[in-house]
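Everything on this sheet refers to the single structure shown next.
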Amino acid sequence: MASSESYPSQGWPQDQQNQNQNQNFLPNTNGVAVAALVLGILAAVFFWTVVGGILLGLIGLVLGIIGIRRARAGRAPKRSMAVVGTVLSALGIIGGAGILIAGVSILNSDSFKNYSDCVQHAHSQSAKEKCARDFKDHTGN
């Protein structure tokens, strides 16, 4: 059995060296930037839905800004990934907002109100089809 005096009292030199390396260690991934990029891609692809464009875009935008700030402060890498995620998220929000505005304006238009009234008062399938033809003729589609 070895005496306690044979062991160094302040720990192994390798352990101290590893601790110094871990203090300067920068993770090679930025999870927030990856999440922002994934949500930005989804927001850009599904911008035509309210959930896809606006909701995912807002979450991706917030995460992208957090990822950019972490990378700028030197606490995380992959700043460009966070920037791309932020830009795609913003594009998804803009596209989703455009689709939402267009849909609301169509639903509030006089032509749509006339079509809705016509369909409500139509008692047969042929009358409903006539309402649809009149709506198409009136809107130019």
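The values are calculated or read from the model by the stated rules, or taken from the named source; none is laboratory data. Keep in mind the model is a prediction, meaning the values are calculated, not measured. No Cβ is skipped: glycine too gets one built from the backbone with ideal geometry, and neighbour counts run over all protein chains shown. Calculation scope for accessible area: heavy atoms of the full protein, side chains included, ligands and nucleic acids excluded. Shrake-Rupley method; radii C 1.70, N 1.55, O 1.52, S 1.80 Å.
Label separation (THR139 vs ALA102): 1.1 nm, computed from points 7 Å beyond Cα along the C-beta direction.
Counting only lysines at least 8 places from LYS136 when in the same chain, those with an alpha carbon closer than 28 Å to its own are LYS113, LYS128.
Computed over protein heavy atoms with a 1.4 angstrom probe, the accessible surface ordering of SER116, SER89, SER105, largest first, is SER105, SER116, SER89. Counting only protein chain heavy atoms and rolling a 1.4 Å probe, the accessible areas of ARG72, ARG79 rank, largest first, as ARG72, ARG79. In the assembled protein chains, LEU56 presents an accessible area of approximately 40 Å² (probe radius 1.4 Å). Taking only the Cα atoms of region 89-141, the ratio Rg/Rh comes out at 1.18, with Rh defined as the Kirkwood radius.
For VAL104, the solvent-accessible surface computed with a 1.4 Å probe is close to 70 Å², ligands and nucleic acids excluded.
For the residues PHE47, PHE135, a 1.4 Å probe over the protein chains yields an accessible-area ranking, largest first, of PHE47, PHE135.
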